[in-house]
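Comments concern the structure below.
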Amino acid sequence: MARQSVVLEDSELLSKLRDDNRHAFNLLYDKYWEFVYNNALKRLVDHTLAEDVVQEVFTQLWLRKHLDDIKNLPAYFYIATRNQVFKLQKREGKYIPVEEIAQELLVTHENAEAKLLYKELQMAYQQLIANLPPQQQLIYELKYNKGLSTEEIASMLNLSPKTVRNQLGRTLNRIRDSLIVSIILFNIFNQ
């Protein structure tokens, strides 16, 4: 029962927030800043960057306050934090898609060993994709080769968006873990 009262309180605060009520915003901030901060800190392991993420997440909440799509604040904050961490990592160059790494290898290194290793990396990557379970393979293809959103894929395959995100996460973790050895070898050969 206590959880329902929290949801009602959140919905009431969101309703007031939509009416530009700064007090409602401050109450939401006080209630959820630690949740957002801890989620960011777990991913970034840097207090200053985690604080930056908190600031950005709450700024976005204020900017989006007139949208009616926020129904579950803890879920909203969890996803908003995760997305903000990814944006921060990409901006700082700590998160680089596998395709960009492979292209950089080809462009920046012209020696024979680099070309050979690039070909091996590309073959390993293609083999990893080919060995994925059929559903993961299809979801990966639709997301990264066709450019569909998670929601579009979920609708097309009659799955929940969460299932699609989970499948993509498993796929990307598998690819990253498998290709990391090739990337390390490449860096060793080109020092």
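Tell me, which residue of the range 132-153 that is surrounded by fewer than 14 Cβ atoms within 10 Å (Cβ to Cβ) and among the charged types (D, E, K, R) is nearest to V164 (Cα to Cα)?
So the residue we want is E151.
Pairs, please: C-beta under 7 Å, at least 6 apart or cross-chain, first residue among the polar types (S, T, N, Q) and in the range 26-43, second crowded, with 17+ Cβ neighbours inside 10 Å and assigned to a helix (DSSP H, G or I)?
Listed by first residue and then by second, the contacts come to N39/T81.
Restricting the search to the range 52-95, which residues are surrounded by 14 or more Cβ atoms within 10 Å (Cβ to Cβ) and acidic (D, E)?
Of everything in the range 52-95, those that are surrounded by 14 or more Cβ atoms within 10 Å (Cβ to Cβ) and acidic (D, E) turn out to be D52, E56.
Just to confirm my filter: which helices (runs of 4 or more DSSP H) fall fully inside the range 1-106 and include at least 3 residues that are modelled with pLDDT under 80 and more than 19 Å from the chain's Cα centre (by Cα)?
Here the list reads 2-18.
The values are calculated or read from the model by the stated rules, or taken from the named source; none is laboratory data. Since the model is a prediction, treat every value here as computed from it, not as a measurement. In this analysis, Cβ positions are derived from the backbone assuming ideal geometry, glycine residues included, and neighbour counts consider all displayed protein chains.
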